[in-house]
Amino acid sequence: MHKSKVLIIEDSPDLADFMSHLLSLKNFEVHTTLSREGIMTLLDEFMPDIVLLDVNLKGEDGRQLCRDIKLVHRFKHIPHILMSANPVFLTDYTACYADDVLHKPFEIVTLINTINRHTGR
């Protein structure tokens, strides 16, 4: 069975590690990064099936990063799920071409179900 590939862009190392470990146990192939630095190269090399993207990335706006990635033709098909503890940041997620949102804190089953819904697992 093909393992779905998940890219986590999350500036909290603890949360990124926790999500990575959890998803690995659920038979996902996971790569994490703490910032947008080198993201286009990482996307080319890893070519994820889905991206989980924190909205608040150390002073950067993850919504703008989502927009930047989705405007690149070879990445526009990859579902992007925005994550934030601030619901205001998630209200108009389609304006930055995101496919869905996760409100932090989220239940593990919600995380898995959201990924599965967007990857066809």
The stretch 1-67 to the stretch 99-121: how many Å between their Cα centroids?
13
Cα gyration tensor, the stretch 1-67 - rounded (a/c under 1.5), prolate or oblate
oblate
A correct Kirkwood calculation over the Cα atoms of the stretch 5-119 returns a hydrodynamic radius in Å of 13.9
Could you check the spin-label model distance between L71 and A85? Points 7 Å from the Cα along Cα→Cβ, value in nm.
3.1
Chain lengthening between H103 and L25 when straightened (0.36 nm per residue, less Cα-Cα)
25.9 nm
For the stretch 5-119, what relative contact order do you get, as a whole percent, if you take Cα pairs closer than 8 Å and at least 6 residues apart?
23
Among V51, V72, V101, determine the one that fluctuates most according to a GNM of the chain built with springs between C-alpha atoms less than 10 Å apart.
V72
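We did not get these values from a lab; they are worked out from the coordinates using the rules stated. Computed from a prediction, not measured in an experiment: that's the story for all the values here. All Cβ positions, glycine included, derive from the backbone under ideal geometry; neighbour counts span all protein chains shown.
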